[in-house]
Amino acid sequence: GGGREVVCVFRGKDRVTSVTCTGDGSHVYYAGGDCSLRVCSLDLKREVRRFGVSDQAVTSLALVEGDQLIAAGSLDSGLYIYSVDYGRVVSEVQEAHSDAVAGIAVRGRRMMTGSWDATVKLWDCGDAGIAKVPVAELGEHE
């Protein structure tokens, strides 16, 4: 095929639960049980940044607005937007779900989250960050 082989192994100290990469393929973001988000350069073949995101394991990642903002979900049921440029959380919803956030997808200004609480929620995610209340919620309720 026409793909290039990249020989690069990044080793963390705990399980990896989510991984994504920049649009140009130059950087890999991954997260897991050590509660951090790591940024690795494929050109340099090493970790270039590490951020603490949550007090519990990070379970899911998605890129927001290009490659400089990263959405992260956690076992603590929170949603976080992390700025690679500023090296910190710039927006969060602490109890986005009633259980762990299992998955995140982002399309434009909309973020979809799925949780172990058996719900899928749709959030506005604009210049002011993540809306504190979801636009829509799907799932069974007791």
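The values are calculated or read from the model by the stated rules, or taken from the named source; none is laboratory data. Keep in mind it's a predicted model, so treat the numbers as computed, not measured. All Cβ positions, glycine included, derive from the backbone under ideal geometry; neighbour counts span all protein chains shown. When the accessible area is computed, the model is the full protein with side chains, heavy atoms only, and any ligands, DNA or RNA have been set aside. Shrake-Rupley method; radii C 1.70, N 1.55, O 1.52, S 1.80 Å.
Under a Cβ-only charge scheme (Lys and Arg +1, Asp and Glu -1), can you give me the dipole magnitude of the chain about the Cα centre, in debye to the nearest 20?
Using only the charged Cβ atoms, the result is roughly 600 debye.
Quick one: the Cα spread of segment 47-122 along its three principal axes, in angstroms, biggest first?
35, 28, 19
Give the accessible surface of the chain per residue, rounded to a whole number of Å², with probe radius 1.4 Å and ligands, DNA and RNA excluded.
That works out to 56 Å² for each residue.
Got a number for carbon plus sulfur as a percent of the chain's accessible area, 1.4 Å probe?
Carbon and sulfur: 48 percent of the exposed surface of the chain.
Distance between the C-alpha centers of segment 66-87 and segment 101-142? Whole Å please.
If you average the Cα positions of each part, the centres end up 14 Å apart.
At 7 Å along the Cα-to-beta-carbon direction for both Val135 and Lys45, put a label point, then send me their distance in nm to one decimal.
About 4.4 nm, to one decimal.
So what's Rg/Rh here for the chain, counting alpha carbon atoms and using the Kirkwood radius for Rh?
Over the Cα atoms of the chain, Rg/Rh equals 0.99.
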